[in-house]
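Notes for the one structure printed next.
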Amino acid sequence: MSAPACPVLLDSFQLVELEDMDKILGEARPTTCILDPCPSWLVREVRGGLAEWVKVVVNASLQEGKFPASLKTAVIKHAVEKAIIGSHSIRKLSAYFQSPLFGQCLGTCDCFAAPGDSWFDTDFLDPAQSGFRPGHGTETALVALVDDLRRELDRGSVSLLVLLDLSAAFDTVDHGILLGRLAGMGLGGTVLQWLHSFLEGRSQMVSLGDACSAPQPLTCGVPQGSVLSPMLFNIYMKQLGEIIRSFGVRCHLYADDVQLCHSFPPVTKEAVQVLNRCLAAVSDWMRANKLKLNPDKTEVLLVSRKAEQGTGLQPVLDGVTLPLKAQVRSLGVILDSSLSLEPQVSAVARGAFAQLKLVRQL
C-alpha cells in the first residue's frame, strides 16, 4: 500500500553543527556494544576531541545519502532480570538489542539535520500519537485517556476501551511500505535516499558469553537504538488513526500501544456494531501493513456506572469475542470500570510493602 504522489517538500539535510554533535555524543547512552572499538563512556569523556571528526563523517553521510555499512549490524544479548510479584521475587530471561554507538548517534543526527521540526510536524504524525514526541509521554497520554473516559462517564455514557495487542510491531515494519509512505509525505532526493540506506542491508547476530553467531540479514523492521526509529514507526502508523476516526471511534496512541474508545448512551446496544466494523477495518489495515494483531491478548474495559450496562456489548475481533474486563493495565497503570484508580493505588502499596520486607531482611 503506497501513499499517493506528493510534491517533494524535503530533499536535503542541513549540515550538523559542532555544538549539536557535542551534545549528541554527550547524551549518548553509556551502553557499550561488543562491536564498538572502545567503551561508550570513554567516547563521552573525550567527546571534545572527537566531535569535530565525527561531524565530518556524519555530514558526509547525510550529503551523500549513504548510511555506513559497518554500522548496520546489531547484537542480541540476553540478561536475567528480577521481577517482584506480590511478595515473591522471581527471575526471568529477557533479550535486548545493542547497536554500535556511532550508528545510534548518526540516527539521532538525522533528526537534528532535518530543517525546523520536520520529524515532529503534525502533518507527519497522527494528532493522537504521544509516543516519542516532544512535550508528550506516558503521563500526558494517560491523562488524556482518563480525562476522555471520565468526561463521557459524567455525561452518563457507557464507554468501551479496547487495548489492542501487537506482536513485535517495530520488528515487522515493511521497508517498501514505509519508504512509499515517506515519499507520499513529501520526502525525496538525498533525504529519501539516506533513509533507504538507513533501513536496508542490516543484519543481526546473537551474543552468548564469549561466543557470537554469524550475522543474519534483516529484511524488515526499524533499527533499535536511535531516536529516528520510533519516529519512523509513528509515521508508519499514521494512517491507522485516520481509519479509526472515520467510524466515529476515538483513539489514543503511544507508539505501538493502540487504544480505541467508543462511547454511547446506555440504551444504544447497536453501538457495538460500529465498533466491530472499526475493529474489522483495523485488522484489515494491520494485515495489509504486515503487522500482527493478537485477538487473544486484546483486552476490553467497560467504563460505566453500572456493570449490568455491559450486557451484550462484547466486541468481536477476527472472529474472537472479546470479554469485558473489570480492570486493565494501560501504559503500566491499572484502570478500573469506575475510573477510581483504587486497584492501581493498592498495587503500588503492595509493591512498596514487598520492597520494605526485602530491606528488613538485610
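Details
- Elements of the type strands (runs of 3 or more DSSP E) sitting completely within segment 196-273 and holding at least 1 residues that are within 12 Å of the chain's Cα centre (by Cα) and under 26 Å from residue 143 (Cβ atoms): these cover 250-254, 257-264.
- Residue tally, condition in a helix (DSSP H, G or I) and within 30 Å of residue 206 (Cβ to Cβ), over segment 8-44: 8
- With respect to (1) without any contact (Cβ under 8 Å) to a residue 60 or more places away in the chain; (2) surrounded by 11 or more Cβ atoms within 10 Å (Cβ to Cβ), the lone exception for residue 356 is condition (2).
Per-residue answers, yes or no, for (1) of a type in the set (Ser, Thr, Tyr); (2) over 25 Å from the mean Cα position of the chain (by Cα); (3) modelled with pLDDT under 95; (4) under 21 Å from residue 282 (Cβ atoms):
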site: 300; (1), (2), (3), (4): no, no, no, yes
site: 306; (1), (2), (3), (4): no, yes, yes, no
site: 323; (1), (2), (3), (4): no, yes, yes, yes
site: 328; (1), (2), (3), (4): no, no, no, yes
site: 332; (1), (2), (3), (4): no, no, yes, no
site: 350; (1), (2), (3), (4): no, yes, yes, no
site: 358; (1), (2), (3), (4): no, yes, yes, no
site: 361; (1), (2), (3), (4): no, yes, yes, no
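- For the residues 160, 149, the requirement of being at pLDDT 80 or above and in a strand (DSSP E or B) singles out 160.
- Any hit, segment 297-317, residues being without any contact (Cβ under 8 Å) to a residue 60 or more places away in the chain, more than 19 Å from residue 151 (Cα to Cα), surrounded by fewer than 16 Cβ atoms within 10 Å (Cβ to Cβ) and among the hydroxyl-bearing types (Ser, Thr, Tyr): yes
- Scope segment 19-38; condition closer than 13 Å to residue 50 by Cα and either out of contact with any helix residue (DSSP H, G or I) (no Cβ under 6 Å at 6 or more places or on another chain) or free of Cβ contacts under 8 Å to residues at least 24 places away in the same chain (or both); matching residues: 19, 23, 26, 38
- Once segment 163-193 is narrowed to residues that are buried (at least 18 other Cβ atoms within 10 Å of the Cβ) and assigned to a strand (DSSP E or B), the residue that is modelled with the lowest pLDDT is 187.
- Selection status of residue 241, within 30 Å of residue 301 (Cβ to Cβ), surrounded by fewer than 21 Cβ atoms within 10 Å (Cβ to Cβ) and touching an Asp or Glu at 6+ places or on another chain (Cβ under 7 Å): yes
- Test for residue 264: is it among the hydrophobic types (A, V, I, L, M, F, W, C) and closer than 30 Å to residue 171 by Cβ: no
- One residue from 161, 166 being aliphatic (A, V, I, L, M), touching a Cys at 6+ places or on another chain (Cβ under 6 Å) and closer than 30 Å to residue 263 by Cβ: 161
- Figure legend. Inter-residue proximity from segment 266-277: first residues at pLDDT below 80, second residues of a type outside the set (Asp, Glu) and buried (at least 16 other Cβ atoms within 10 Å of the Cβ), beta-carbon distance below 8 Å, spacing 6+ or different chains. Indicated pairs: 269/313.
- Residue 290 vs. criteria in contact (Cβ under 8 Å) with a residue 60 or more places away in the chain, charged (D, E, K, R) and either closer than 26 Å to residue 167 by Cα or not in a helix (DSSP H, G or I) (or both): yes
The values are calculated or read from the model by the stated rules, or taken from the named source; none is laboratory data. Since the structure is predicted, the reported quantities are computational estimates derived from the model, not experimental observations. Please note: Cβ atoms are built from the backbone with ideal geometry, for glycine as well, and neighbour counts cover all protein chains shown.
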